[in-house]
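One structure is given here, and the rest of the page talks about it.
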Amino acid sequence: MILVGKDVRFPPRKLVPPEDLAYASAHSPLLPLTPLSPLYPDGLIAPIWIRKHTVLVPSIFVLFLRLFEAPVVHARSPLDPSDPEHERDKTEEEQRRDTDLSAEVAAQKKITNERGIKLTVVLLATRRMLNDPSLDSHLTFIRGQSGLDSCAALFVLSPVGTSELNDFARSLQDALYEPAVEYYTSHSKRVRRKRNRHSQSVSSYNPPPLVSMGIASTRPLRPKGWTVWYEYKMACFAEFRGEDEDAYTTLMIMFGSTAILPPRTKRWAEAKVLADTILSVKITKLYLYNHERLLALLHHNSHMRRFTDFSWGWGIGEETFQYWSWMARQHRILAELLEQGSNSSLMFPTNSLPSLTVGVSLAGTHVELDAVRVLGLNPSHALQHPGHYYYMAT
């Protein structure tokens, strides 16, 4: 949840405006097909894409507006008749304010509809207005004039205490959960269609000509790179929907081969960072969120073993500084994840030693090495305190 002003602007889908004749054939500024893109011509994923879908473009836009309420005019005496002219002016003013508010909502709805974002309006009203019999007619008029949806699109909030305000925020979040899931499901379907069209054309793929990049020349993104692009987007949208259990499985398989990481190039270095982000940080963090501590540790160790094997093939084995700096970075990242988790609800196991009954000699002083392993004394087989991994990083 991010607080923004009513005049916030969403990033454009394409570099040309929708009214331009070239809009249909134009590409997103984040695709490697666009010369101005940071990925051009053969990059995989730009960090700005993640920021776009986590910070800049929401699934739900909640607009807070104040509902107009005419001031109360007290009669001098209860026996005084009401003033017809005052009542007429009051009604006209309320209609004019409701019309202006509806126009503002309709303008915002047009902007959100262009991006497939659901618009929800929360009207701020006084407690007296909540008891006013005309409130329903105001809400019906505003909903009809602005074209709001009938489901979870219009709410009324009156001045309440902090606890009640928190309850309202939770109820609003619950009501908007399904529309948010539908938003990311729609994105996933669109990306899946593109991936399927891409998969059908891979069999007839011919390497395109070299693209001039100053002194050097390079080819556009290969089919395997496009597959990573689509799979990564689908995995992110699945994670946003809460379906993170198998979201990154396909990418784990793809990055488990050196074919996707041709070594000693700029894009190889970028892809290696992306692999670390997906295969280590992202999945380990998801396991920790689900309180699956052992799986988080096993996945972290598996990733380090896999890329240690790759490093030998890339010529950056244990005798190089690059290898040990990478190892230190992996340990530090795990330590930071555990430290952040410990500040919320993550609990660490008490890795206490069981009774040493297996493999103990009659004198009770010798413990066989195999017995020690069975008893789980290897610190790499049990999740430790963050300090342990900070120590390993040094």
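Between beta-carbons, use under 14 Å as the cut-off and find the net charge around Leu338, counting Lys and Arg +1, Asp and Glu -1.
0
Quick one: which residues, 5+ away or cross-chain, put their amide H under 5 Å from the amide H of Val156? H built at 1.01 Å from N.
Leu123
Give me a comma-separated list of calculated 3J(HN,Hα) values for region 37-47, in order, Karplus coefficients 6.51, -1.76, 1.60 applied at θ = phi - 60°, integers in Hz, x for any Gly or Pro.
Per-residue couplings from phi come out as 6, x, 8, 5, x, 9, x, 9, 10, 9, x Hz.
Filter Lys52/Lys189; Lys52/Lys110; Lys6/Lys189 down to the pairs with a C-alpha to C-alpha distance above 28 Å, please.
Lys6/Lys189
Where does the charge balance sit around Leu221 when Lys and Arg score +1, Asp and Glu -1, over other residues with C-beta under 10 Å from its C-beta?
+3
Just order 280-293, 99-112, 154-167 by mean Cβ neighbour count inside 10 Å, highest at the front, would you?
280-293, 99-112, 154-167
All of the numbers you see were taken from the coordinates with simple rules; none came from a lab. Being a predicted model, the structure only gives us computed values, none of them experimental. With ideal geometry, Cβ positions are generated from the backbone for all residues, glycine too; neighbour counts draw on all protein chains shown.
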